[in-house]
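Some notes on the structure that comes next.
The values are calculated or read from the model by the stated rules, or taken from the named source; none is laboratory data. No experiment lies behind these values; they were computed from the predicted model shown. Every residue, glycine as well, gets a Cβ built from its backbone with ideal geometry; the counts of neighbours run over all protein chains shown. These area figures cover heavy atoms from the full protein model, side chains too; ligands, DNA and RNA do not enter into them. Shrake-Rupley method; radii C 1.70, N 1.55, O 1.52, S 1.80 Å.
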Amino acid sequence: MVLPSEPEFEQALSELTLSLEYFLKKNPSYQKALEIVQIPERVIQFRVIWEDDSGKPQVNRGFRVQYNSTLGPYKGGLRLHPSVNLSILKFLGFEQTFKNALTGLSMGGGKGGSDFDPKGKSDAEIRRFCVAFMTELSRHIGQDTDVPAGDIGTGGREIGYMFGQYRKLRNEVVGVLTGKGNNWGGSFIRPEATGYGVIYYVEHMIAKACPEYSLTKPSTKVAISGSGNVAQYTALKVIELGGTVLSLSDSKGSLIAKEGFTKEVVQSIAELKLKGGSLESFKSFASEDKYAYHPGHRPWALLPQVHIALPSATQNEVSAEEAEALIKVGVRIVAEGSNMGCTAEAIEVFENSRKKGAGGVWYAPGKASNCGGVAVSGLEMAQNSQRLTWTPEEVDAKLKNIMTECYNICLKAGNEWSGEGLSSGTVLPSLLCGANVAGFIKVADAMKDQGDWW
């Protein structure tokens, strides 16, 4: 049987399979678990009919991939973007399954969304779409079944419209969506969580691999891609700690700050993005000596020196050539704020660099380094269940602990299952292998306990 081509999903599956090679060689019985876990438990596809401002009907495709509920209710975002298709959502749901396992919280994996494009739409059009989308999706989700969250194109506004429709349809107020407003069931630190979590994870990597590039030092140069939620809060945390952020980007180009972005500029960019603008609009910055705008380019090959690179835009945003360019300008840490931010070829470049020993690049996959967002979503679920709200300080402390534990789990599994000669002490373990093996073992063992394989 020939299945349709699903390149993004096939890439994610190939990455996991390669990482598991040494583990499966030593534990061949788990091969059956790998065969089973790669197939989603359920795929839901539906049409969404909504009315535009001129009164004309419009139609989009809606999806929810309920991948694996072994560890808890399906958990994963809703992406609204014209690129959305089943391959992308299967890849994201598959990754989400193991990412959620690494948080230590009781969450399964899922993902959903639509090929609807919020850009250029009025607030009323977005509301009508969200109402139509949730009218169908509400049949398939619930606080103990499937708890979606935000993602690209789905922020607090969209979550609010969807939650309101769910409440009206079901006549119940429950924690069925995360990313809600703080005054109606949301959690403090949720908007910041993915970006902050990336930095909390990276701080551990720096401490072990290259303490001379501490983020408390202005001399530490950080390249970030994207300019959405994840990139904004990643940049703001680096700036708060004292490091220098050199780049932000969007689908149209990259903005380079030769002396580093300030908190105020990042906040201005956040306001611009909220209104649907692009970095191209920052003409005043581009005309100054401190800033340069590069249309049609990602930031990775534009900088003369980089110590830490944090892809935070979308999948496959770092190519092999760009990975080589980063190595040439001194990068030591690469950690994904986006999901599968690096191509398979770029990851190979980084992993080969690591294997050469001292001075190489240490790479962290998104399922580990960016799990802070879903972790705080899990904490929001816990607060909803108890009908209470923790303080920002309490949530931030829990987030730090989760990211620390995730790093330690990846490091331990990487040391055990990288299948390389790490005894010399000069070669760092593969966090890619560690994240994949640790996440897989946790899910597979739970599936076995529940009779899904034997």
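Working from the pairwise distances between different alpha carbons, so that the mean of 1/r is found and then inverted, what is region 78-125's Kirkwood radius in Å?
Value: 12.0 Å, from the Cα pair sum.
Using the crude model of +1 on Lys and Arg Cβ and -1 on Asp and Glu Cβ, and no other charge, please compute the dipole size for region 206-259 relative to its Cα centre, in debye to 20.
Roughly 80 debye, rounded to the nearest 20.
Where in region 330-356 is the amide nitrogen less than 15 Å from a point lying 7 Å along the Cα-to-Cβ axis of E321?
Within reach of a label on E321, which here means backbone N under 15 Å from a point 7 Å along Cα→Cβ, region 330-356 contributes 343, 345-346.
Multiply the residue separation of R167 and T216 by 0.36 nm, subtract the distance between their alpha-carbon atoms, and state the gained length in nm to one decimal.
Full-extension gain reported as 13.1 nm.
Taking the Cα-to-Cβ direction at T426 and at V174 and moving 7 Å from each Cα, how far apart do the two end points lie in nm?
5.8
Rounded if a/c is under 1.5, else prolate if a/b is larger than b/c, else oblate: which is region 291-449, with a ≥ b ≥ c the root eigenvalues of its Cα gyration tensor?
oblate
Tell me the Rg and the Dmax, in Å, that the Cα atoms of the chain produce.
21.2, 69
Using a 10 Å cut-off on Cβ atoms, rank the peptides 67-74, 324-331, 354-361, 195-202 from the highest mean neighbour count down.
Averaged packing, sorted descending, gives the order 195-202, 67-74, 324-331, 354-361.
If you count only protein heavy atoms and use a 1.4 Å probe, how large is the accessible surface of R298, to the nearest 10 Å²?
100
Give the distance, in whole Å, between the Cα centre of region 369-387 and the Cα centre of region 73-146.
16
Just flag the GluC sites (Glu not before Pro) in region 117-174 sitting in loop per DSSP whose Cβ has no more than 15 other Cβ atoms within 10 Å.
In loop regions of region 117-174 (DSSP not H, G, I, E or B), the sparsely surrounded GluC sites (Glu not before Pro) are E172.
Can you tell me how region 1-123 classifies by the Cα gyration tensor, rounded, prolate or oblate, using a/c under 1.5 as the rounded cut?
Since a/c reaches 1.5 and a/b is larger than b/c, the shape of region 1-123 is classed as prolate.
So if R0 is 25 Å, what FRET efficiency would K290 and L241 give, r being the distance between their Cβ atoms, rounded to the nearest 0.05?
That gives a FRET efficiency of 0.75.
Mind ranking 92-102, 14-24, 337-347 by how tightly packed they are, going by the mean number of other C-beta atoms within 10 angstrom, highest first?
The peptides rank, most packed first, as 92-102, 337-347, 14-24.
How big is the charge dipole of region 287-380 about its Cα centre, in debye rounded to the nearest 20, if each Lys and Arg gets +1 on its Cβ and each Asp and Glu gets -1 on its Cβ?
340
Take the eigenvalues of the Cα gyration tensor for region 69-201, scale each by 5, and report the square roots as semi-axes in whole Å, largest first.
Semi-axes (√(5λ), whole Å): 22, 17, 16.
Run the dipole for region 225-335 about the Cα centre, Lys and Arg Cβ at +1, Asp and Glu Cβ at -1, nothing else charged, and hand back the magnitude in debye, nearest 20.
Dipole magnitude for region 225-335 comes out near 100 debye.
With the cut-off at 20 Å, tell me which of the pairs K355/K412; K99/K273; K56/K180; K90/K412; K90/K180 have Cα atoms farther apart than that.
Checking Cα-Cα distances, K99/K273; K56/K180; K90/K412; K90/K180 exceed 20 Å.
What is region 255-319 by shape, rounded, prolate or oblate, if you read a ≥ b ≥ c off the alpha carbon gyration tensor as root eigenvalues and call it rounded for a/c under 1.5, prolate for a/b larger than b/c, and oblate otherwise?
oblate
Cα-based Rg of region 122-179 per 2.2 N^0.38 Å, rounded to two decimals?
Relative to the rule-of-thumb radius for its length, region 122-179 sits at 1.03.
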